[in-house]
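Nothing in this text is a laboratory measurement; each read-out follows from the coordinates by a stated rule. Note that the structure is predicted; figures quoted are calculated from it, not measured. When we count neighbours, we look across all protein chains shown, and the Cβ atoms used for this are built from the backbone with ideal geometry, even at glycine.
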Amino acid sequence: MDIEMKVRGLVVDPMSKMPIVLLEDASSERVLPIWIGVFEANAIALVIENIDTPRPMTHDLFKNMLDKAGIVIDKVVVNDVQNNTFYALIHCQHQGRRIVIDSRPSDAIALALRMKSPIYVRDEVVKLSHSLKLDENLETSEKIMKWLESLRPEDLGKYKM
């Protein structure tokens, strides 16, 4: 089963200094943290904060190409997690034909936000993510999870590196 989620915000992991995109299931308040790259976090932040750039950034260019080609993104789905790495699929339509494209979740999310397409996460991925080892050091992993759980709304959306 796929669970529709929204981007709750972006934060920076205090341990690794890497960006984290937080997906939230509005119906149950479950939060799925996904560690992402700096450039992808920037692409997501631009949309969240409604910032226009003078020239198209990479995800904007891709959106423009899809629009011109008449390709619609029906949804993106974070569909798997293996060895602490998340996977996603972009579900598209072109002239009545369904197309599914493999993607990193961060790119799929950045594109979904631009295309105003829904974001889903497979239920199994949410369940598996709670058992992920965030770090080999259990104490550090527990600290990160406690930190993520304690985030307040005002802590989100202020993406700073």
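Some notes on this structure:
- Exactly one residue out of L89, L46, L32 is closer than 12 Å to V121 by Cβ, buried (at least 19 other Cβ atoms within 10 Å of the Cβ) and more than 10 Å from the chain's Cα centre (by Cα), and it is L89.
- Candidate set from the stretch 49-81 (those that are of a type in the set (D, E, K, R) and within 14 Å of the chain's Cα centre (by Cα)); member that is farthest from E124 (Cα to Cα): K75
- The set of residues in the stretch 1-59 that are hydroxyl-bearing (S, T, Y) and more than 18 Å from S129 (Cβ to Cβ) comprises T53, T58.
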